[in-house]
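Down below is the structure, laid out as structure tokens.
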Amino acid sequence: MTTNRPYLGDKARELDATQTLGAGRLCLEFANTRDWRESDAPVENLRTYADLVGWSLSIGLIEPAKAVELHATAQRQPILATQFLDWAIELREAIYRIFVNIAHDTPPAAVDVQLLNDALPNAMTGPELAQVDGNQCRVHCRGDDTVLDRMLWPVIRHAAVLLT
């Protein structure tokens with residue numbers, strides 16, 4: 001992915017300066033998977049489901065073994081993987097528009113908020129703390145780790161938390 005990001009990054013740092021992601025927050029990092037959005041030649045970085053898995057892996061949402069499993073699931077269910085990618089891009093664009101509106105002190109469009117609301121039930125299912133390396137913890141979701149949309153559950157949760 002290229003490093004030319006839209007304006008969202010500065011607003012994200014203002015809202016949560018402790019984050020280490022380039023855009024400052026996970027949901028905004030996801031929104032930034034399309035570069036040069038406002039130009040005549042925007043660059044889509046999520047052209048395939050494999051690209052989405054690669055992005056998730058690159059920022060630590062999934063581990064390498066999980067990426068292999070997701071690739072295998074997508075190969076067994078290519079139509080579902082393509083449908084999920086289309087939905088993920090629709091979700092990404094809604095998240096982008098919501099936060100651009102907020103950055104401009106404009107209420108987000110109801111249709112964009114509804115899309116996020118429709119995604120929340122799956123994203124909020126069964127979170128629990130899992131110990132990593134003895135003294136560190138991370139939030140882990142119970143359930144089927146091979147569900148194709150699972151890597152976006154934290155993105156959706158972070159968008160909801162940032163909005164509230």
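The values are calculated or read from the model by the stated rules, or taken from the named source; none is laboratory data. Computed from a prediction, not measured in an experiment: that's the story for all the values here. A quick note on method: Cβ atoms are made from the backbone with ideal geometry, for glycine too, and the neighbour counts reach across all protein chains shown.
Out of everything in segment 69-89 that is touching a helix residue (DSSP H, G or I) at 6+ places or on another chain (Cβ under 9 Å) and loosely packed, with under 12 Cβ neighbours inside 10 Å, what residue ends up being nearest to residue 164 (Cα to Cα)?
78
In segment 127-134, is there at least one residue being loosely packed, with under 14 Cβ neighbours inside 10 Å and closer than 20 Å to residue 45 by Cβ?
Looking through segment 127-134, none of the residues is loosely packed, with under 14 Cβ neighbours inside 10 Å and closer than 20 Å to residue 45 by Cβ.
If you take the residues in segment 23-68 that are among the acidic types (Asp, Glu) and assigned to a helix (DSSP H, G or I), which one is surrounded by the most Cβ atoms within 10 Å (Cβ to Cβ)?
29
Output yes when any residue across segment 141-153 is exposed (fewer than 11 other Cβ atoms within 10 Å of the Cβ), farther than 18 Å from residue 88 by Cβ and at pLDDT 75 or above, and no when none is.
no
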